[in-house]
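Asks: First the structure, which I've put down as structure tokens, then a few questions once you've had a look.
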Amino acid sequence: MEKTETAIRQIITKVTTLSPDVPGDADLYLDLGVASVHALELLTGLEEAFGVAVPDDEFVEATSINKLTAMMRSLMNEAEGESVSA
């Protein structure tokens, strides 16, 4: 497991009662029952841990650990590209 995914799993474990070893492709809301209040905490945790703003529309679409990991990698790459060109 790579660093971004590990960090996301730690955040999910911190804000929910889920184990850090849940399947990466399981839907956090439909399959695992993550409540909307936890989703807000998860969003805040991701932004704080990775130092990037997460657009609401992208966050809503990222319903699994695998999708969250891909989204955060993309956002971090975009942010890194912006800081290099600035």
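Laboratory data are not the source of any read-out in this text; all were calculated from the coordinates shown. What you see is a predicted model; the values in this text were computed from it and never measured. Here the Cβ is made from the backbone with ideal geometry for all residues, glycine too, and neighbour counts use every protein chain on show.
Asks: What is the magnitude of the charge dipole of the range 3-85 about its Cα centre, with +1 placed on the Cβ of each Lys and Arg, -1 on the Cβ of each Asp and Glu, and no other charges, expressed in debye to the nearest 20?
Replies: Working: 5 positive and 15 negative charges, 68 e Å.
Result for the range 3-85 is approximately 320 debye, rounded to the nearest 20.
Asks: Still on this structure, I have one more. Suppose a student asked you for the relative contact order of the chain, using Cα pairs under 8 Å spaced at least 6 residues apart; what percent would you report?
Replies: 34 percent
Asks: Here's something else I'd like to know. Give me log10 I(q)/I(0) at q = 0.12, 0.14, 0.21 Å⁻¹ for the chain, Debye formula, one equal scatterer per alpha-carbon, no solvent.
Replies: Debye output, listed in q order: -0.33, -0.44, -0.96.
Asks: Related question: Along the positive direction of the dipole of the chain (beta-carbon charges: Lys, Arg +1; Asp, Glu -1; about the Cα centre), which of 15, 66, 38 reaches farthest?
Replies: 15
Asks: Same structure again: Helix 36-50: angle to the longest alpha-carbon principal axis of the chain, degrees 0 to 90, nearest 10?
Replies: Relative to the chain, helix 36-50 is tipped by roughly 40 degrees.
Asks: Per q in 0.24, 0.26, 0.31 1/Å, what log10 I(q)/I(0) does a Debye calculation on the alpha-carbon atoms of the range 41-86 return?
Replies: -0.84, -0.96, -1.23
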